[in-house]
Every structure is written in C-alpha cells, then in structure tokens.
Amino acid sequence: MVETQGRGTLHIHFLIWLRDCPANSAAIHSLLTSANGERFREAVESYASSIVTNELPISTDDYLCSHCGASFSNVKELPIPQASRGDPKAGLRNSHARQSVTEPPLLSCEACGATFSSQHVLRSLLLQHRPLHWPVWKYPLSANEIEKQASSEITCRDCKTHAVRVVEERELMQWSISCESDLLNESGLCATDTKEWLKHANSPRMKICKSDDDPFQNDYLTRLIEMLPPSKFDNRMPQEAMDYMVSTLVLLLNQHLWCHTSSCFKKSRATLQDTCCRYQFPRDRVAKTVFTSAGVELSRQSAHEFINGYNYELMATFKCNHDIQVLVGGSDATDRMYYCCKYVTKQQKRVDSSVVVSLAALKRRQGKEAEEISVSALDEELSFSFARKRVASVVYAMTNKQEIAGPLAALYLYRVAMVVLRCLLETLFDSYALLRSIRVIW
C-alpha cells in the first residue's frame, strides 16, 4: 500500500508472511515450550538480527573521549531519565530558555568524569571515518561495465545510445565531484577545514536547533551521500566507505529527534499519558537480541538509544527512513498486524465532484485573505503571492485525499521512468534461508 504523507513524500507499507511461520501466538508459545523450543528461539533471534539492527555498522570501539582521549571501554552508561522521553521545551516560555535546551546526557567517561550525549558519540564516530571527498571509488567504470549498467536502464530510456550517454554523464559528474576535495565549498572551507570545523561544532551536548541550522545535517558531504543515486557498481567502494555511507544515512534518516516532535505526544496505548514519547525514545539498552513469548527484542548497545531499527541493504539502496517490525509473538503483535493490514488494504478515497471541491477551497482561501488584508490595496508582488496561494489551496484540496506521491507526480510531469536497482537487496533474499533451514522443527 502506498500513500502520501503531509510533505508529499512516498509512504509505503509491506506486510510479509514468512513461509512455515507459526500461525498465531498460541502456536508460537507451544513451540517454545516443546523439545525444539531452544533451537526455534535461536533461529528466530538469528533471523531477526540478520534483517534489522539498531546499531551503526561503524563500531563504537573506535570512539575516543573528546575531553581526555580515553577509549570507549572507559565510557559508562548513565540511567535514562524519564524526562528525556518528554518535551524538553515544555513549560519554558522564554525563547532564550527554549533555545538553551541541550541533548540529554546518557553517557560519561570514567577516566575524566565528563558527561555527553549519545548523539555526540555517534557524530564523533562519523567524523573519525569521514573521507575528504565523495564518492570513494577504487577505480572508474570500464567500457564493459558502462554497457552493463546501460542495459539495466534501457527500459526507461529512448534507446541504448541514450542509456549509455546517461551512465557516462553520471559517472563523469560523480568523478568531478570526487576530484574537488581541495576546492572550497559554499561555506568557503576546503574539505580538511570543514572536517575540523565540524569537530569543533560537535559539543558534548548540542543545543536545540532547527534542521536547517544543524551543521551536521547540512554538511555538503552528507547531502552528496543522500543525493547521489545508488548503482550496482557501488561495490567499487571499499567496505569502510559503504559503512560510513550507511552510518551517515542512519543518523540523517533513522535517528529519532532527541527533542521529539508533536506527533510523539499523541494519545496512545503505548504510554500512560500524552506527555511521554509514544515511540518510547530514548529506548533502553539491550545486551543481546532475545526472543520470548512476549516477542522479539533487538540488541541495542550504548549510544544507540535514539536509533530506529533499519536494514543495511535497504538503507544503502533506497536512502530513506524505514521501520521493520518482527511480528512473531508478543501481546502487541495483534495490534501491529491490524495496523499493517489496515494500511495495505486501504481503499482510495473518492472525490465525487472536483468542481465543488475546487470552489470550496477557493472560497476558503478568499475568506482567509479578507481577514488578513484588503486585497485591493496589494501591490503587484503581493498580488502574485496571493494568486499562487489560491492555486496551491485548490491543488491541495484536490490531491490531499489521493494516493499520489510528490516524487511520482514529478516523474509524470518530466516523463521520466524510475529504475529500482536490486543489486544490494540480493543479500536480503539469502537471509530467508535462515528460517527455511529450521522448517523441520514445526
């Protein structure tokens, strides 16, 4: 099921039924208490860990304390305060006080006594492994590899010649970006200076700021990683570069905001009151992945309390936020299955009369204008602005109930097809063998 979110982005739901999986919680409980229960438990734990993780591929063992240089073995976990699951700006009326709110301290260094946030540790890890340019490739595409890449794209191009030209232009563009490591970026800094500037900006507990002002989210290298399309020849990158790319995308796309958002505090059965994050972030640390009749609980090590579960191959390929739930047993499995089924079977909402809807939207917009300012007194520039808003209100009224994603609409307008590459996803299908190998149990 595909739907459009408020930002016009694509939102897709998959519900996958694993072959030979027990039909219900009662069957799972019966299997866990049987002679083969321990083998089944270990197989499910192994399978769950193979398709979703809460931790970065870059090991936290590489972290060095920013105060004294001590290794991560000296880092001690601090208790997660309940206040960190609430709105840190709640009750603060003064704007200066609201802007002074900082990340919650969840870790400390036993060597020097300094305290810092989990986000600080993960940012430090990325800075330690940050290359001076991107992409990091061992070698350029050969003529045969260009032909092979073009063959996979020919279905969405006019002809093979066009496909080859597109691949060559993309390769040339990316190599030109890669060769500009010593040039100044839009901030006036070269690559080496940018890295040092980011290290200076990585305070132990950063203050709250808008995403537009976040130096790490706006790092030109991070934007390049998010922008460049995936390729089946990304295996030209060393594993260290792939791990850096995925880690960067996880912090950019799959890290829960420590300051939370308004959607965190909606009424939910997961929390007793709407002042606590209904997603339970920051989440408790878990030493190892465990599977019981209550469900699957994934491993979550220190510094990853705000990371939402992700899949390495999916993140590297699609470069988007995603969430994977293993619905095997547990008291809330039924609720989650109902939620998934509701979305994958949701019907398209109809607009019976487009003319009536458009006129109603236009009248609402005109009424709002009348309250704001006298339209007759507007200058030419403001008149154009109001006209654009009128058109926007009509378009929104016509499309907000339809499952039309913004990216898909752009593709229609530009008459461009989208190619979904499957190269990085092949390992996903290999992992299903883990569960198939234990089918003899039940």
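The values are calculated or read from the model by the stated rules, or taken from the named source; none is laboratory data. This one's a predicted model, so the numbers in the text were calculated from it and none came from an experiment. Cβ sites come from the backbone with ideal geometry, for glycine too, and all protein chains shown count toward neighbours.
Candidates S100, S73: the one that is small (G, A, S), under 24 Å from R283 (Cβ atoms) and exposed (fewer than 12 other Cβ atoms within 10 Å of the Cβ) is S73. Restricted to the stretch 109-124, and to residues there that are small (G, A, S) and more than 27 Å from the chain's Cα centre (by Cα), the residue that is surrounded by the fewest Cβ atoms within 10 Å (Cβ to Cβ) is G113.
Conditions tested, residue by residue: (1) of a type in the set (S, T, N, Q); (2) under 23 Å from M315 (Cα atoms).
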| position | (1), (2) |
| --- | --- |
| N218 | yes, yes |
| M227 | no, yes |
| P230 | no, yes |
| S262 | yes, no |
| L272 | no, no |
| R278 | no, no |
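Scanning the stretch 77-89 for residues that are surrounded by 11 or more Cβ atoms within 10 Å (Cβ to Cβ) and either at pLDDT below 85 or not in a helix (DSSP H, G or I) (or both) turns up E77, L78, I80, P81, G86, D87, P88, K89. Scanning the stretch 27-36 for residues being surrounded by fewer than 16 Cβ atoms within 10 Å (Cβ to Cβ) and either closer than 22 Å to V286 by Cβ or at pLDDT below 80 (or both) gives a total of 1. Here T271 meets each of (1) modelled with pLDDT of 90 or more; (2) among the β-branched types (V, I, T); (3) under 13 Å from R85 (Cβ atoms) with one exception, condition (1).
For the stretch 160-169, taking the residues that are more than 29 Å from the chain's Cα centre (by Cα) and in contact (Cβ under 8 Å) with a residue 12 or more places away in the chain, the one that is nearest to A241 (Cα to Cα) is identified as E168. Within the stretch 221-242, the set of residues being part of a helix (DSSP H, G or I) and hydrophobic (A, V, I, L, M, F, W, C) comprises L221, L224, I225, M227, A241, M242. The set of residues in the stretch 129-154 being within 28 Å of the chain's Cα centre (by Cα) and either loosely packed, with under 14 Cβ neighbours inside 10 Å or of a type outside the set (S, T, N, Q) (or both) consists of H129, R130, P131, L132, H133, W134, P135, V136, W137, K138, E153.
Okay, residues lined up against (1) among the basic types (K, R); (2) without any contact (Cβ under 8 Å) to a residue 60 or more places away in the chain; (3) under 28 Å from K288 (Cα atoms); (4) out of contact with any helix residue (DSSP H, G or I) (no Cβ under 7 Å at 6 or more places or on another chain):
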{"residue": "L32", "(1), (2), (3), (4)": "no, no, yes, no"}
{"residue": "A35", "(1), (2), (3), (4)": "no, yes, yes, yes"}
{"residue": "E38", "(1), (2), (3), (4)": "no, yes, yes, yes"}
{"residue": "S50", "(1), (2), (3), (4)": "no, no, yes, no"}
{"residue": "C68", "(1), (2), (3), (4)": "no, yes, no, yes"}
{"residue": "N94", "(1), (2), (3), (4)": "no, yes, no, yes"}
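When R157 is tested against (1) surrounded by 14 or more Cβ atoms within 10 Å (Cβ to Cβ); (2) closer than 29 Å to H200 by Cα; (3) among the charged types (D, E, K, R); (4) over 24 Å from the mean Cα position of the chain (by Cα), just one condition goes unmet, and that condition is (2).
When the stretch 298-333 is examined, which residues are found to be surrounded by fewer than 18 Cβ atoms within 10 Å (Cβ to Cβ), more than 18 Å from the chain's Cα centre (by Cα) and modelled with pLDDT of 85 or more? S299, Q301, listed by residue number. Taken as a whole, the condition of being in contact with a Phe, Trp or Tyr (Cβ under 8 Å, 6 or more places away or on another chain), surrounded by fewer than 18 Cβ atoms within 10 Å (Cβ to Cβ) and modelled with pLDDT of 80 or more does not apply to P238. Scanning the stretch 260-303 for residues that are assigned to a loop (DSSP other than H, G, I, E, B), free of Cβ contacts under 8 Å to residues at least 40 places away in the same chain and either touching a Pro at 6+ places or on another chain (Cβ under 7 Å) or among the polar types (S, T, N, Q) (or both) yields T261, S268, T271, Q273.
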